[in-house]
C-alpha cells in the first residue's frame, strides 16, 4: 500500500539556513494494516502526514502509494490522488455546521464528479460503515455530539472508497470515553472491512489501539514495533 524510501524534507529558515524536518525516513504499510505514527510536537510527524496525504512532496526520496510514485507529481495530480485515493479524518472535523449529515458526507462525491444518481446510496453506505445511526442522517452537524460529528467525518473519508484512511489526531477534541468509541470505529474498519488506516498521534494511549506503532523523533524513525492492541 505505502512505501516510503529515504524520504527527507528540508525547509529554509529565515536566515537561509536549512532545517531538516524528516531525515532519510523509510517504512512500508501493507494493505489492510492499522498503523499509528506517534511522536511529540516537533518530531516531524505532521510533515510526514502531509507527505502521506499528498499535501506536500519530499525534498528527496520516494513515496509510492499502491505502486505509483506520487512523490514527484504536480499540484493538480496530487489533488486528484487526494480526492480518489485518500480519506482524511482531522481533529477539527471540518464539517459544514449547518448542512445535514447526508449533505456533509455527499460533498466529496460532488467534488469528485460522481453522478448525482449514485451519491445518496454511496453516502448512506459510508455512514453505515462508520456505525452512524440512521435516525440522525438528516440532522445538521451542529446538532450532534463530538463523537457523532467525528463519525460523520469518518463516513465522509470513506465515501470515495479510498485506498488509505489518514487520521490526524482524530480524538484530540474529544473526551476519553468518546475518543475510545471513535478508535473502536477505526478498529472495526480495519478488522471487519479490511481498511488501511494510518493514525497520527502524540498520545501513547491512542497509539495503543493500532496493531503497529511507528515512533518518530527529531525527524527520524526510532522504533517500529508490533503492538498488543488495546481493545474498547
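Residue count for the stretch 146-165 under the criterion of being out of contact with any helix residue (DSSP H, G or I) (no Cβ under 7 Å at 6 or more places or on another chain) and surrounded by fewer than 19 Cβ atoms within 10 Å (Cβ to Cβ): the result is 1.
Of the residues making up the stretch 192-203, those that are touching a strand residue (DSSP E or B) at 6+ places or on another chain (Cβ under 8 Å) and either at pLDDT below 90 or in a loop (DSSP other than H, G, I, E, B) (or both) are 195, 202, 203. When residue 104 is tested against (1) over 23 Å from residue 193 (Cα atoms); (2) crowded, with 22+ Cβ neighbours inside 10 Å, just one condition goes unmet, and that condition is (1). One residue alone among 126, 131 is within 16 Å of residue 83 (Cα to Cα) and touching a helix residue (DSSP H, G or I) at 6+ places or on another chain (Cβ under 8 Å), and that residue is 126.
For the stretch 84-101, the set of residues classified as surrounded by fewer than 16 Cβ atoms within 10 Å (Cβ to Cβ) and either without any contact (Cβ under 8 Å) to a residue 60 or more places away in the chain or over 23 Å from residue 1 (Cα atoms) (or both) consists of 92, 94, 96, 97, 98, 99, listed by residue number.
Set side by side, the residues 224, 168 differ, and just one is surrounded by 15 or more Cβ atoms within 10 Å (Cβ to Cβ), at pLDDT below 95 and in contact with a strand residue (DSSP E or B) (Cβ under 6 Å, 6 or more places away or on another chain), which is 168. Restricting attention to the stretch 60-83, the residues that are surrounded by 15 or more Cβ atoms within 10 Å (Cβ to Cβ) and farther than 18 Å from residue 160 by Cα add up to 7. When the test is whether a residue is in contact with a helix residue (DSSP H, G or I) (Cβ under 8 Å, 6 or more places away or on another chain) and either in contact (Cβ under 8 Å) with a residue 40 or more places away in the chain or within 21 Å of residue 170 (Cβ to Cβ) (or both), residue 40 does not pass it. Checked against (1) surrounded by 15 or more Cβ atoms within 10 Å (Cβ to Cβ); (2) closer than 17 Å to residue 30 by Cβ, residue 183 meets all criteria but (2).
Every residue, every condition in (1) without any contact (Cβ under 8 Å) to a residue 40 or more places away in the chain; (2) within 19 Å of the chain's Cα centre (by Cα); (3) in a loop (DSSP other than H, G, I, E, B), yes or no:
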| position | (1), (2), (3) |
| --- | --- |
| 126 | yes, yes, no |
| 135 | yes, no, no |
| 147 | yes, yes, no |
| 150 | no, yes, no |
| 154 | no, yes, no |
| 160 | no, yes, yes |
| 167 | no, yes, no |
| 172 | no, yes, yes |
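Kindly provide the set of residues from the stretch 177-186 that are out of contact with any strand residue (DSSP E or B) (no Cβ under 7 Å at 6 or more places or on another chain) and touching a residue at least 12 places away in the same chain (Cβ under 8 Å), ordered by number.
178, 179, 180, 181, 182, 183, 184, 185
Assess whether residue 229 counts as being over 16 Å from residue 4 (Cβ atoms), free of Cβ contacts under 8 Å to residues at least 12 places away in the same chain and not in a strand (DSSP E or B). Taking the combined requirement at face value, the residue does not satisfy it.
Which one of 178, 201 is surrounded by fewer than 23 Cβ atoms within 10 Å (Cβ to Cβ) and either at negative phi or touching a helix residue (DSSP H, G or I) at 6+ places or on another chain (Cβ under 7 Å) (or both)?
Going through 178, 201 in turn, the sole match is 178.
The values are calculated or read from the model by the stated rules, or taken from the named source; none is laboratory data. All values derive from a computational prediction rather than experimental measurement. As a convention, Cβ positions derive from the backbone with ideal geometry for all residues, glycine included, and neighbour counts pool all protein chains shown.
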